[in-house]
Each structure stands twice: as C-alpha cells, then as structure tokens.
Amino acid sequence: MKKERGQLIVLSGPSGVGKSTVIAELFSQRNNIYFSVSYTTRQPRVGEQDGVNYNFVDRTEFERMIAANELLEYAEYVNNYYGTSLKAIQQKLESGVDVLLDIEVQGAAKVRARCPDALFIFIIPPSFEELSRRLHRRNTDSEDVIAGRLEKARVELKEIPSYDYLVINDKVSGAVAEIEAILTAAECRVENRKSILAQFA
Ligand code: ADP
Ligand code: 5GP
C-alpha cells in the first residue's frame, strides 16, 4: 500500500556501534526506504564512495550550503561538518517514500524541533568495551581519532532519553529485527491508515 507521505526516521548512535552495517542489512530487506546521503567535510575512508556513503565537500562549499539554507540540519563532529540536504529528502517524503537519516545527537535535536513527527531511534553496543573493540577492528581511524570518538560517545549516550526507541546492536540480525519492528509499528498508526479507514466511513 502506497503511503501519502513517507516517514522520516532518525538513527543515532556512537561512532563504531555499527550503524552503517545495520543500515546496509536493513536496506537489503526493505523496499520503499531511502538513505539520506549526508554532506561532510571529512576525508573519505578506504572503500567509501562519493555520492554513496557521503557527498564529500570542502569547508567553503559546506559553509555556502549553510548560508543558502540548503540544510535541514548540520553539526560539527570531531572537527568536521556533517549535514542533511533538505531538498533531497523533501522530494522523497512527499512521494510517499520513508527516509532514514544516520545523524549524530546535535543534528537529531535540530530535526526534533523542525519535524516532530519523525521517529527517533538510538542504537547502542552491548557494552562500552565492545564499542572500543569495534572502532579498533574497523581499522579506519588513527588512535587519536578513536579516542576522540570514544570521548564523544560518553556525551552522546546522555541524550538517549530524548529518543523514542533504543536498539541494541549485539548481533546485526537482532538489531535489524528491532528496527523492522519499530517501522512496522509506525506504519500501523491510525494516522497512517486513513486511506483504508475512508472506505468504512
Ligand atoms: P558506524 O557506522 O556506527 O560508525 P560501522 O557500521 O562502521 O559503525 O561498524 C563498526 C565496526 O563494527 C565494523 O568493523 C563492523 O563490521 C563492526 N560491527 C558492526 N556491527 C557489529 C556487530 N553486531 N557485531 C560485531 N561487529 C559489528
Ligand atoms: P562518521 O565520520 O563515523 O561517518 O560519522 C560521524 C558521525 O556523524 C556519526 O555519528 C554520524 O551519525 C554523524 N553524521 C553523519 N551524517 C550526518 C549529518 O548529515 N548530520 C549530522 N548532524 N550528523 C551526521
């Protein structure tokens, strides 16, 4: 059944918890959902593709986008800018497609203020030690950057009470199943089923 308007979904969680891994698995199982490719000034990691994982831009271009009001939200995270293009997601939502944002907590707070109907999901690792192990095992960041990300994680975890749902990424399949359950519950909301209800009027 096609929806009149897509659901905006915000997924946050500390760097290295497994957001990209879980999102990739979720997208392999679910249609009618679009991943919002963010803009960032960070350097691409090995294997990352421009336009797929991120749109990689320099600080001048990012600051132009801020000044031109082209971003739904943006934040500075460990010395780099990250932001969501408003235009790209608006078109998808208006055509009935769900949109997933993988964004950190400051950006999520801005979305909460602008789009109160969005679904806010926070994802955590089974333990802090496991988060550190995953960041090291990913092997993409220097020891300094990893330390910065772990420090940031402690601050981010304090924001969990502002979210609607908490997902634990112990096993990837378990985390994906929890997110699937949240999205299915959201689809069953009365306000999302108005077109079916109309025939019973
Ligand atoms: P994020 O996008 O949150 O920064 P990634 O998806 O890059 O995190 O995952 C960080 C590392 O942890 C990667 O090496 C990934 O393979 C691994 N990982 C992700 N989920 C799990 C899991 N459930 N169990 C073990 N390792 C995981
Ligand atoms: P990474 O450098 O590990 O890819 O991402 C660092 C952090 O930036 C993650 O917490 C990720 O969710 C967040 N992030 C990615 N894109 C955006 C965005 O468009 N806006 C905001 N506010 N955060 C983002």
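The values are calculated or read from the model by the stated rules, or taken from the named source; none is laboratory data. Here the structure is a predicted model, which means the values were calculated and not measured. All Cβ positions, even for glycine, are placed from backbone atoms using ideal geometry, and neighbour counts span all protein chains on display. Areas reflect the complete protein model, heavy atoms only, side chains present, ligands, DNA and RNA absent. Shrake-Rupley method; radii C 1.70, N 1.55, O 1.52, S 1.80 Å.
Worth pointing out:
Quick grid of which residues meet (1) more than 12 Å from ligand 2 (Cβ to nearest atom); (2) open to solvent by less than 50 Å² (accessible area, probe 1.4 Å); (3) farther than 21 Å from R149 by Cβ; (4) of a type in the set (S, T, N, Q):
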| position | (1), (2), (3), (4) |
| --- | --- |
| G6 | yes, yes, yes, no |
| S12 | no, yes, no, yes |
| E25 | yes, no, yes, no |
| R42 | no, yes, no, no |
| V57 | no, yes, yes, no |
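- Conditions (1) open to solvent by 30 Å² or more (accessible area, probe 1.4 Å); (2) within 30 Å of F128 (Cα to Cα): number failed by Y77: (1)
- Near pairs, Cβ below 8 angstrom, 6+ apart or cross-chain, from region 104-122 (under 20 Å from C188 (Cβ atoms)) to any residue that is of a type in the set (D, E) and open to solvent by 80 Å² or more (accessible area, probe 1.4 Å): L119/D164; F120/D164; I121/D164
- Boolean, G51 is within 12 Å of ligand 1 (Cβ to nearest atom), small (G, A, S) and out of contact with any strand residue (DSSP E or B) (no Cβ under 8 Å at 6 or more places or on another chain): no
- Remark: pairs (first residue in region 51-63, not in a loop (DSSP other than H, G, I, E, B); second residue not small (G, A, S); Cβ separation under 6 Å; 6+ apart in sequence or on different chains) = Y54/T40; N55/V37; N55/Y39; F56/P44; F56/D50; R59/T41; F62/T41; F62/Y81.
- Restricting attention to region 91-115 and to residues that are part of a loop (DSSP other than H, G, I, E, B) and among the small types (G, A, S), the residue that is most open to solvent (accessible area, probe 1.4 Å) turns out to be S95.
- Helices (runs of 4 or more DSSP H) contained entirely in region 116-201, each with at least 3 residues that are open to solvent by less than 50 Å² (accessible area, probe 1.4 Å) and under 19 Å from S12 (Cβ atoms): 128-138, 143-157, 172-187
- If only residues of region 147-167 that are in contact (Cβ under 8 Å) with a residue 12 or more places away in the chain and under 27 Å from L93 (Cα atoms) are counted, the one that is nearest to ligand 1 (Cβ to nearest atom) is V167.
- Apart from one condition, R30 fits all of (1) more than 16 Å from ligand 1 (Cβ to nearest atom); (2) open to solvent by 70 Å² or more (accessible area, probe 1.4 Å); (3) touching a residue at least 12 places away in the same chain (Cβ under 8 Å); the exception is (2).
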